[in-house]
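Peer 1: Quick one: this structure, given as structure tokens, is what I'll be asking you about.
Each reported figure results from applying straightforward, stated rules to the coordinates on display, with no laboratory input. The model shown is predicted, which means the values in this text are computed figures rather than measured ones. We place every Cβ from the backbone using ideal geometry, glycine too, and count neighbours over all the protein chains shown.
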Amino acid sequence: MSEPLLQAVDLECERDERLLFQNLSFSIVPGTLTRVEGPNGSGKTTLLRILAGLNDAWSGDILWCGQPRGHDRESFHRNTLYLGHRPGIKPLLTPMENLRALMAGRRPVNDEVLAQALAGTGLAGYEHVPCRNLSAGQQRRVALARLLIADEPLWLLDEVFTAIDADGVQAIETLLKQRAAEGGAILVTTHHDLQVEGMGRITLGGGQCDE
Amino acid sequence: MNSSAHPLIKPVEQGVGPLSAMVAVFARDVRVAFRQRQDLLNPLLFFVMVVTLFPLGVSPEIGFLKQSGAGILWVAALLSVLLSLDHLFRHDFDDGTLEQLVLQPQPLFLLILAKTLAHWMLTGLPLVVLTPVLGVMVHLDGNSVAILCLTLLIGTPVLSLIGSIGAALTLGLRSAGVLLSLLIIPLYIPVLIFGTGTVAAAAEGAPVAGYLALMGAFLVLALTLAPFASAAALRISMSNS
């Protein structure tokens, strides 16, 4: 097994004076799909935000390639893709402009690639329509288009299946499996019934965690 | 980094430079603002209304207006910037683009500096452009109007920069408006005093170079320190959301 990309050691987080989890340790290795499970309010989103570097209210250690994450934050951000509850899409901009803005700080991508990614999520023909005129599901698809052009080895996906139709869900599942097979490391939270062979699990709420 | 152990890791150097990332953030903010023009007009309208209502409410006498005109314009500009501050991060926060901004492999303070500069260009700069018209309306002479414009040109970016700290700090809160004003107004006072002081000194024929140098110092101080403070405040607000 290859070396872990991201390791959490004795992670502990308290929110509103409520202990969400403690002594949580796990590693995320390339080529695996891991699902974070737990009932509503068990801290799935919080865990993902902590791992992504959005939430600093935790104790323990997070190691990136074996070193504390803070040592090379830019490398960590460069190699991590986080999609949250909020899609990160500006309603006033078109899908094309949104995608361009999201990629702009990461790496140079030309418009053809972006258009292909949008077409790949079923948004062909909507490239230049302001996102506020699109449905909630279509807006999420704009955000998901990033998965099709992502070169980041680590994906942190929070409720990616929300507002997506059956065909879309199928397509995302296939994409995630394919990505894991190619050596990507993926961590997802979802209430959708995701069945993937060899899928790791992190269970929150009960306080225990098994790989 | 020990990239040899991890062939998957993409080196940061192959990415995008901080400058082009800043340009992208700036361009996006300007584009969004121009698709929602009424938000752009609000601070301007407020500015014009306060300045026009003052002579009606207090006294239309030329002597009074000559004496207090610069102060009225400065206070109106300050409040107008203050009103627009809540928008600086709020929309981005609500739709999730701010999260993605924080997660960019770029120094956060530079991206925030780009956002703040866009904010100034869209709110502060139009106020400066309008000032000559309103200055004439309150009977300021040509020289005073020129000095007033200059002080506002140096002063309004300071207001935006200092304001960005408050806007970032109060981001996660429900009723951020009042707290934002309470936090920021004390920091605005020195800028206001020297801004109006410069015009008063010019009207008396005293040299203004010293005043302008001090305002320039405010600007340099705000430019170099405020983005760091805002970035830190933003991370705190992000953690609590």
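Peer 1: I'd like the Karplus ³J(HN,Hα) series for segment A:53-66: coefficients 6.51, -1.76, 1.60, θ = phi - 60°, whole numbers in Hz, and an x wherever there's a Gly or Pro.
Peer 2: x, 8, 10, 9, 8, 8, 10, x, 10, 10, 10, 10, 6, x
Peer 1: For chain A, what ratio Rg/Rh do Cα atoms give with a Kirkwood hydrodynamic radius?
Peer 2: 0.96
Peer 1: Next question, about the same structure. Would you mind calculating the relative contact order of segment B:106-235 from Cα pairs under 8 angstrom and at least 6 residues apart, reporting the percent as a whole number?
Peer 2: The normalised contact order for segment B:106-235 reaches 37 percent.
Peer 1: For A:LYS90, list the lysines whose Cα falls under 20 Å from its own Cα; do not include residues on the same chain fewer than 8 positions away.
Peer 2: Here the lysines satisfying the reach criterion relative to A:LYS90 are B:LYS115.
Peer 1: Can you tell me the alpha carbon radius of gyration of segment B:98-169 divided by the globular rule-of-thumb value 2.2 N^0.38 Å?
Peer 2: On the way: Rg = 15.9 Å, N = 72, 2.2 N^0.38 = 11.2 Å.
Taking N as the residue count of segment B:98-169, the ratio is 1.43.
Peer 1: Moving on to the next point. What list of ³J(HN,Hα) couplings, whole Hz, do you get for segment A:121-132 from phi and the Karplus terms 6.51, -1.76, 1.60, once you set θ to phi - 60° and write x for glycine and proline?
Peer 2: Using θ = phi - 60°, the values come out as 9, x, 10, 4, x, 9, 4, 10, 9, x, 5, 5 Hz.
Peer 1: On to the next question. Using only the Cα atoms of segment B:105-241, what do you get for the radius of gyration and for Dmax, in Å?
Peer 2: 16.6, 53
Peer 1: Right, here's the next one. What does the structure give for A:66-78 when I average, per residue, the other chain Cβ atoms found within 10 Å of the residue Cβ?
Peer 2: Mean number of neighbouring Cβ atoms from other chains: 4.
Peer 1: Enter the mean number of other protein chain beta carbons within 10 Å of the beta carbon of each residue in B:10-17, as an integer.
Peer 2: Rounded to a whole number, the mean comes out at 6.
Peer 1: Another question about this same structure. Size of segment A:1-65 along its principal axes in angstrom, Cα-based, largest extent first?
Peer 2: Principal axes ranked by extent give 38, 22, 20 Å for the Cα atoms.
Peer 1: Please label the shape of chain B as rounded, prolate or oblate, based on the square roots a ≥ b ≥ c of the eigenvalues of the alpha-carbon gyration tensor (a/c under 1.5 means rounded; beyond that, a/b larger than b/c means prolate, else oblate).
Peer 2: prolate
Peer 1: Normalising by the residue count of chain B, find the relative contact order in percent from Cα pairs under 8 Å and 6+ residues apart.
Peer 2: Computed value for chain B: 24 percent relative contact order.
Peer 1: Report the semi-axes of the equivalent ellipsoid for segment A:138-211 in whole Å, largest first, where each axis is √(5λ) for an eigenvalue λ of the Cα gyration tensor.
Peer 2: On the way: eigenvalues 88, 48, 27 Å².
With the √(5λ) rule applied to segment A:138-211, the semi-axes are 21, 15, 12 Å.
Peer 1: Still on this structure, please answer the following. What lysines does B:LYS10 reach when the alpha-carbon gap must be under 25 Å and sequence neighbours fewer than 8 apart in one chain are set aside?
Peer 2: A:LYS177
Peer 1: Separate question: With a 10 Å Cβ neighbour count serving as the proxy for reagent exposure, in which order, fewest first, do A:ARG146, B:ARG37 appear?
Peer 2: B:ARG37, A:ARG146
Peer 1: Using Cβ counts within 10 Å as a stand-in for footprinting exposure, how do B:LEU83, B:LEU152, A:LEU19 rank, fewest first?
Peer 2: Ordered from fewest to most neighbouring Cβ atoms within 10 Å, B:LEU83, B:LEU152, A:LEU19 come out as A:LEU19, B:LEU83, B:LEU152.
Peer 1: Tell me which residues come under 5 Å, amide H to amide H, from A:PHE21 once H is placed; ignore anything under 5 positions away on its chain.
Peer 2: Residues meeting the criterion, in which the H sits 1.01 Å from N, are A:CYS13.
Peer 1: Calculated from DSSP H runs of 4 or more alone, at -39500 (n - 2.57) each and per residue, what is the 222 nm mean residue ellipticity of the protein assembly as shown, nearest 500?
Peer 2: Counting only the DSSP helices, I get -18500 deg cm²/dmol.
Peer 1: Please identify the DSSP H helices in chain A that span no less than 15 Å along the helix axis (Cα) and have a mean Kyte-Doolittle hydropathy of -0.5 or more. Display every interim value, and only then the final one.
Peer 2: Working: long enough: A:136-149 (21 Å, 0.33); A:166-181 (23 Å, 0.00).
Helices meeting the criterion: A:136-149, A:166-181.
Peer 1: Could you give me the percent of Cα pairs per 10 Å distance bin for the protein assembly as shown, shortest bin first, beginning at zero and ending with the bin that holds the maximum distance?
Peer 2: 4, 19, 26, 22, 14, 9, 5, 1, 0
Peer 1: Taking the Cα centre of chain B as the origin, how large is its charge dipole in debye, to the nearest 20, when only Lys and Arg (+1) and Asp and Glu (-1) carry charge on their Cβ atoms?
Peer 2: Computed about the Cα centre, the dipole is about 300 debye.
Peer 1: Can you work out ³J(HN,Hα) from phi for every residue in segment A:74-87, in order, using Karplus 6.51 cos²θ - 1.76 cosθ + 1.60 and θ = phi - 60°, giving whole Hz and x for Gly and Pro?
Peer 2: Ordered by residue, 3J(HN,Hα) equals 5, 5, 4, 5, 4, 9, 10, 10, 10, 10, x, 4, 7, x Hz.
Peer 1: Going by how many other beta carbons lie within 10 Å of each one, how would you line up A:ASP72, A:ASP167, fewest first?
Peer 2: A:ASP167, A:ASP72
Peer 1: What percentage of all Cα-Cα pairs in segment A:89-151 are separated by more than 14 Å?
Peer 2: 46
Peer 1: Going highest first, how would you order A:51-57, B:105-111 by mean Cβ packing within 10 Å? Display every interim value, and only then the final one.
Peer 2: Working: A:51-57: 19.0, B:105-111: 21.1.
Packing order, densest peptide first, comes out as B:105-111, A:51-57.
Peer 1: Then there's this: Round to the nearest 0.05 the FRET efficiency obtained for B:ALA146 and B:THR224 when R0 = 30 Å and r is the Cβ-Cβ distance.
Peer 2: So, using R0 = 30 Å, E works out to roughly 0.60.
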